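A.B. asks: Have a look at the structure that comes next, please.
Laboratory data are not the source of any read-out in this text; all were calculated from the coordinates shown. Predicted model, so just to flag it, every value in this text is computed and none were measured. Quick reminder, even Gly has a Cβ in these numbers, built from the backbone with ideal geometry, and neighbours come from all protein chains shown.
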Amino acid sequence: MAVWDTSVASGLHPDDPLFELASEAALANEPFLLAAPTVQEIAFGLERQGDARFAALLAWFKELFAVGMLEVLPLSWEAALLAGQLRALLPIPPTGSTAHSALQWHFALGWAGSRANIEARVATTTGRSLGAKSV
């Protein structure tokens with residue numbers, strides 16, 4: 001059972017070999033799984049573009065779930081709790097910093113922090129849901 005993260009799932013396009021692979025898997029009743037934070041990240045990226053082409057891609061992306069080609073691996077409460085604990089280990093802004101205000105740190109490190117947050121949620125979702133041993 002493969003779980004796609006954002007780097008793989010964002011490569012899914014109608015004319016891409018990855019789409020053909022996903023189609024074949026769906027026909028075999030083995031839809032690909034996307035971690036819930038991956039779906040969130042892709043929807044965010046497509047929605048914020050403000051372009052009709054991206055709106056069409058978002059509608060197409062939604063349809064992949066509706067027809068059963070893709071499924072969402074949900075974020076359990078245990079995974080959400082662990083992701084929050086991991087996020088707390090790398091606070092934004094970094095503690096003890098006097099060089100920037102909290103707002104400046106938010107903008108300067110926002111992408112890295114949100115990306116780390118999403119990656120932590122993906123990792124905790126897939127690890128817990130697929131029976132990985134905790135470390």
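A.B. asks: I need the shape label for the stretch 1-47. Rule: rounded when a/c is under 1.5, else prolate if a/b > b/c, else oblate, with a, b, c from the alpha carbon gyration tensor.
C.D. replies: oblate
A.B. asks: Name the long-range amide H neighbours of residue 35: under 5 Å, sequence gap of 5 or more, or other chain; modelled H, no Pro or chain starts.
C.D. replies: Distant-sequence amide H within range of residue 35: 4, 73.
A.B. asks: Something else: Would you please put 81-87, 36-42 in order of how densely packed they are, using the mean number of other Cβ atoms within 10 angstrom per residue and starting with the highest? Could you put the intermediate results ahead of the total?
C.D. replies: Details: 81-87: 15.4, 36-42: 21.1.
Packing order, densest peptide first, comes out as 36-42, 81-87.
A.B. asks: Just to check I understand the Karplus step: with θ = phi - 60° and J = 6.51 cos²θ - 1.76 cosθ + 1.60, what whole-Hz values come out for the stretch 76-81, glycine and proline as x?
C.D. replies: Once rounded to whole Hz, the list reads 6, 5, 5, 5, 4, 4.
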